[in-house]
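Here's the structure we're looking at; comments come further down.
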Amino acid sequence: MDTSDARQKILARIRRAHGRPVSPTSDELQAADDYVAKHAIAPQPTVGADVVAHFETQAQRMSSTTERVGRLADVPAAVARYLGAHGLETRAVCWETLAGLDWAGAGVTIEARAPRNEDAVGITGVFAAIAETGTLMLLSGPQTPASTHLLPETHVAVVSSSRIVRHYEDGFARVREERGEPPRAMNLVSGPSRTGDIEQTIVLGAHGPYRVHVVIVEGD
């Protein structure tokens with residue numbers, strides 16, 4: 001049984017225990033949509049006219065690095081440049097959604113699978129990016145495992161500029177519009193993992209990647 005089936009079975013048991021149908025009715029779904037639409041949005045920070053530039057500034061403030069490329073086909077070369085500049089091995093795992101790019105032509109050895117302990121670099125796509133805080137929104141699924149951006153020491157994220165939104169509410173709205181319901185897991189990534197537990201000194205890579213690099217695709 002995969003995790004999606006398990007999730008549905010658990011929710012079905014909860015609904016039966018409350019005397020409800022196994023699946024939500026159209027009236028229930030409409031009531032949920034109506035509630036969200038009527039719910040007031042709290043004050044939001046100002047994001048300038050250039051949403052991509054604002055995202056880059058905020059991401060860099062959170063210790064991420066960024067690079068813009070013109071096309072999706074340019075991503076492997078950009079990743080190779082980044083790995084080379086940091087003295088990292090040019091070997092990585094990636095989401096299946098990115099496996100078709102010409103990684104070999106850029107000198108990067110790639111495997112489209114979930115990472116194992118020895119994998120140092122994970123490359124993912126991004127469902128949306130939040131300009132107000134430089135945050136990446138990643139949705140888990142069979143082809144987009146969360147472990148790819150959580151386990152390796154280096155996380156490289158690929159995001160289209162068209163998927164950079166102003167605020168969190170815009171990202172959540174896009175999930176509802178495109179997916180209908182939330183995935184099993186949603187991760188919001190704001191730079192490398194960090195902690196200040198020891199003498200209030202910030203240490204990167206405490207519970208996840210030491211590095212987060214974002215490749216922004218402006219075309220395609």
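What follows is calculated from the coordinates using simple rules that are stated; it is not laboratory data. Just so you know, these numbers come straight off a predicted model, no measurement behind them. Here the Cβ is made from the backbone with ideal geometry for all residues, glycine too, and neighbour counts use every protein chain on show.
Computed quantities for the displayed model
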| read-out | value |
| --- | --- |
| For a label point 7 Å along the Cα-to-beta-carbon line of Ser23, residues of region 158-187 with backbone N under 20 Å | 176-184 |
| Estimated FRET transfer efficiency when R0 is 41 angstrom, pair Arg113-Ala40 (beta carbons, to 0.05) | 0.40 |
| Rg and Dmax of the chain, Cα atoms only, in Å | 19.2, 59 |
| Diffusion coefficient, µm² s⁻¹, Stokes-Einstein with Kirkwood Rh over alpha-carbon pairs of region 123-188 at 4 °C and 1.567 mPa s | 107 µm²/s |
| Distance in nm between pseudo-label sites at Arg179 and Ser161 (7 Å out along the Cβ direction from Cα) | 2.6 nm |
| For region 72-146, size of Cβ-based charge dipole, Lys and Arg +1, Asp and Glu -1, in debye | 60 debye |
| Positive-pole candidate from Val214, Thr66, Leu136, dipole of the chain, charges at beta carbon | Leu136 |
| Net charge over other residues, Cβ less than 15 angstrom from the Cβ of Trp95 (K, R count +1; D, E count -1) | -1 |
| Cα-centre dipole for region 48-217 with unit charges at Cβ (Lys and Arg positive, Asp and Glu negative), debye to 20 | 120 debye |
| For peptides 51-64, 21-34, 122-135, 172-185, sequence by mean Cβ density within 10 Å, most packed first | 122-135, 51-64, 172-185, 21-34 |
| Gained length - Ala104 relative to Arg7, 0.36 nm times residue gap less alpha-carbon distance | 31.1 nm |
| Computed FRET value (nearest 0.05) for Ala49 with Ile14, which takes r as the C-beta separation and R₀ as 35 Å | 0.15 |
| Positive-pole candidate from Pro21, Ile41, Ala120, dipole of region 1-158, charges at beta carbon | Pro21 |
